[in-house]
Amino acid sequence: MNFIQKITISVFFLLTFHCVSGQQIQTDRPNETESPSAVKSKHFQIESGISYEKDNTEKKIQVPEMVLRFGIVKNLEVRAENALKITNEDQNTLTGIQPVVLGLKYHFLDHKGLIVPDLAILGRISIPWMADPVYKEQKYSPEIRMLAQNELSSKTHLGYNGGIRWLPDTSQPEYIYTLSADHSLTKKIKLVIEAYGTSLSNHHAQNSADASLLFLLTNNIQADITAGSGIMHSNSEKFAAAGFSIRI
């Protein structure tokens, strides 16, 4: 067995069997609704996947999509997001890395009963020059969101986000809203249904809906599949995604 094989097997062993805690992994993918949970202090979480989107004029593939999350201290995480994007429009194909997005999430309130939700705040910013030339943006694009989740029962949760993002081309504010419900079908399988949208001043809101299945392989490893569609004034006709997340 050569050195590379030994390293590969060692990494696989660590990723598969190393247990951070008895608590199940909580991810932000695959939906638009971000979880108020922050990654456990001094631990690292990788969320990756592939997505496909089709609208009236073009097709888009992002592979891999990647979110890297690290718990700095209790309830506070730092994160980086990026994706390789392939766009096909009128038989022209563009391929490149999208701008890197850097952010922080802080969980500041634990839920109490049905009424008081878990709450967190998420701030992030798109770095225009940290991208391939075909996807470079004109300006920095900051975003801030409030993240909330109510525990309706031991198996069912209601999540919702509200926020604002300043667009990279015009610096115009775009308002973001999401609503999702999840239910544990079994101890290992969870169903998530979601509606979300964005709105600009003096424009119709663009709304979409999706459904996902999450598969808990271990307490620290999760797989997911998603399918959805635009439902009102949305540019997207249909989209699908699949992914894999691990906490170490």
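In table form, for the structure just shown:
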| read-out | value |
| --- | --- |
| Beta bridges by DSSP in the chain, antiparallel share as percent, to the nearest 5 | 100 |
| Relative contact order (%) - criterion: Cα under 8 Å, at least six apart; region: region 3-247 | 18 |
| Unsatisfied cross-links (Cα-Cα over 22 Å) in the set K74/K112; K60/K136; K112/K155; K155/K188; K59/K139; K85/K136 | K59/K139 |
| Residue-count net charge about A205 - beta-carbon cut-off 15 Å; Lys, Arg +1, Asp, Glu -1 | -1 |
| Answer label, with Rg and Dmax of the Cα atoms in Å calculated from the coordinates and candidates (1) 17.0, 48; (2) 18.1, 56; (3) 18.6, 65 | (3) |
| D_trans [Stokes-Einstein, Kirkwood Rh over alpha-carbon pairs] for region 151-248, 25 °C, 0.890 mPa s, µm² s⁻¹ | 162 |
| Length-normalised contact order for region 57-147 - Cα pairs under 8 Å, 6+ apart - percent | 22 |
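Coordinate-derived values only; no laboratory data. Being a predicted model, the structure only gives us computed values, none of them experimental. Here the Cβ is made from the backbone with ideal geometry for all residues, glycine too, and neighbour counts use every protein chain on show.
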